[in-house]
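What follows is a single structure, written as structure tokens, with notes after it.
The values are calculated or read from the model by the stated rules, or taken from the named source; none is laboratory data. The structure displayed is predicted, hence computed values, not measured ones. Every residue, glycine among them, receives a Cβ derived from its backbone with ideal geometry; neighbour counts consider all protein chains shown. Areas reflect the complete protein model, heavy atoms only, side chains present, ligands, DNA and RNA absent. Shrake-Rupley method; radii C 1.70, N 1.55, O 1.52, S 1.80 Å.
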Amino acid sequence: MAKIIELDKIGMSFEKKVGLLQPNKRIDVLRDINLDIAEGQIVAVVGESGCGKTTIGKIITGLMKPTEGELRFGGKNLYGFSLNVFSRTREQVQFVQQDSYAALNPVLTIRQSLSAPISHHYKNYSAADTEKKINEIMSFVGLTPPEQFLSKYPHMLSGGQRQRILMARAISLEPKLIVADEPVSMIDVSMRLSILNLMNKLNEMLGISFVYITHDLATAKYIARNGNICVMYLGEIVEFGSVEAVLRSPKHPYTQALIAAVPVPDPKAAKQGRDIPIKSMEITSLENRSKGCVFYDRCPYAEEKCRNKIEDTLVDGVRVKCCKIGELPEWTN
Ligand SMILES: Nc1ncnc2c1ncn2[C@@H]1O[C@H](COP(=O)(O)OP(=O)(O)O)[C@@H](O)[C@H]1O
Ligand SMILES: [Mg+2]
């Protein structure tokens, strides 16, 4: 499968104001991020709040320029393109943000919100062509009949319907990749599955690749069941591989802790379940994390060598950022 996007040793740091008289502090948010996304692939990015998921999403969609590393689109450095090519390339990667209310202009009707990018992109479209395209994408995302929604304003729709409008707007420019940042975390639980199914449908029928960002392992497992998962902790990817392999046999102690934390409804099964004795409940902040393993402060297996810079290890096709692979207890589900 051809690669659409490659993140090669991407790093991102921000300036933080400390005080009036002190110099600003630089905080490394992302460190050494390597990630490829191929045509038609679904990649779930999982990690707790504040670990840098949205920042990765913004870098992939070209909304934020990384401070280190290279972002390649179709094999070429995105930031080496001329402005014209850069903006055309960016249209092929769409970002669907978490807050559907904030993403839509409240004073525009749904028709106006959808038609603007279409008429901007397809310069030769007549008004009738645009309307036809709008109807087509509305039906595709399950908002039928479209007339029932097009004259409405965002506040008149439910969270689930607005999220579908965002998906419609994202597919209107026929992108190769959609980055969906926690698209179901703000909508009613009863609607979540149908939005996840919609993304799977867009992937299967239109061949659009997805980066699905979430803090919830269960939805990641569902949507990327045939794809890859990328487990993040404090700004680094600690484990990356196929969902099937990572969940069956998680290798990084953080991934193991994440899987062990999912509640099991059957008490018998829960008894057999594992518990990872996390050393500290305190989550280290990005500012205070060590130069070595990001999980050092909490990992039950940590030792002196974990304080050094950690390189990736490839085990059974899964990439793990842990220097104790082979020394840890086996874990197979
Ligand atoms: N524009 C910015 N300026 C300064 N710090 C930022 C900026 N964007 C994100 N951060 C910081 O980067 C860290 C990761 O943020 P984010 O990518 O939003 O995490 P997540 O989406 O996983 O919750 C946070 O500590 C956040 O405060
Ligand atoms: Mg976020």
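Details
- Calculated from backbone phi, Karplus (6.51, -1.76, 1.60) coupling profile of region 186-194 in Hz, x at Gly/Pro: 9, 10, 3, 3, 5, 9, 4, 4, 5
- Distance (nanometres) between label positions extended 7 Å along Cα→Cβ at M64 and S158: 3.2
- Shape box of region 104-174 [Cα atoms, principal axes, largest first, Å]: 33, 24, 19
- Cα convex hull volume per residue for region 76-129 (Å³): 117
- Computed magnitude of the charge dipole of region 152-231 (debye, nearest 20; Cβ of K, R +1, Cβ of D, E -1): 180
- Taking 4.7 Å between C-beta atoms as the pairing limit, the chain has these partnerless cysteines: C51, C230, C299, C322, C323.
- Anisotropy class of region 1-152 from Cα gyration tensor, a/c 1.5 cut: prolate
- Charged-residue dipole, Cβ positions (Lys, Arg, Asp, Glu), the chain about Cα centre, Debye nearest 20: 420
- Between I223, I283, I110, the residue with the greatest mean-square fluctuation in the GNM of the chain (Cα pairs under 10 Å linked by springs) is I283.
- Near the amide H of F95, within less than 5 Å, lie the amide hydrogens of V179, all on another chain or at least 5 residues away, with H placed in the peptide plane.
- Inter-site label distance for D8 and N333 at 7 Å from Cα along Cβ, in nm: 3.4
- The Cα center of region 273-333 and the Cα center of region 106-131 differ in position by 49 Å.
- Cβ-Cβ distance of K305 and V85, R₀ of 56 Å, FRET efficiency by 1/(1 + (r/R0)^6): the value works out to about 0.75.
- For G227, nonlocal amide neighbours, meaning residues 5 or more places apart or on other chains whose placed amide H falls under 5 Å from its own, are V243.
- Beta bridges assigned by DSSP with both partners in the chain are antiparallel in approximately 60 percent of cases.
- Hypothetical label at A260: residues of region 317-331 whose amide nitrogen lies under 19 Å (7 Å Cα-Cβ projection): 321-331
- Stretching the chain fully between Q112 and E15 yields a gain of 31.2 nm (0.36 nm per residue, less the alpha carbon separation).
- Carbon-plus-sulfur accessible fraction, the chain (probe radius 1.4 Å, protein heavy atoms only): 52%.
- D_trans [Stokes-Einstein, Kirkwood Rh over alpha-carbon pairs] for the chain, 4 °C, 1.567 mPa s, µm² s⁻¹: 60
- What region 104-174 shows is 48 Å² of accessible area per residue, with the surface traced by a 1.4 Å probe over protein heavy atoms.
- Taking region 85-192 and dividing mean pair separation by its residue count, relative contact order in percent (alpha carbons under 8 Å, at least six apart): 47
- Ellipticity estimate at 222 nm from DSSP helix runs (n ≥ 4, -39,500 (n - 2.57)) divided over the chain, nearest 500: -9000 deg cm²/dmol
- Projecting the Cα positions of V107, I118, S139 onto the charge dipole of region 104-174 (unit charges on Cβ atoms of Lys, Arg, Asp and Glu, taken about the Cα centre) puts V107 furthest along the positive direction.
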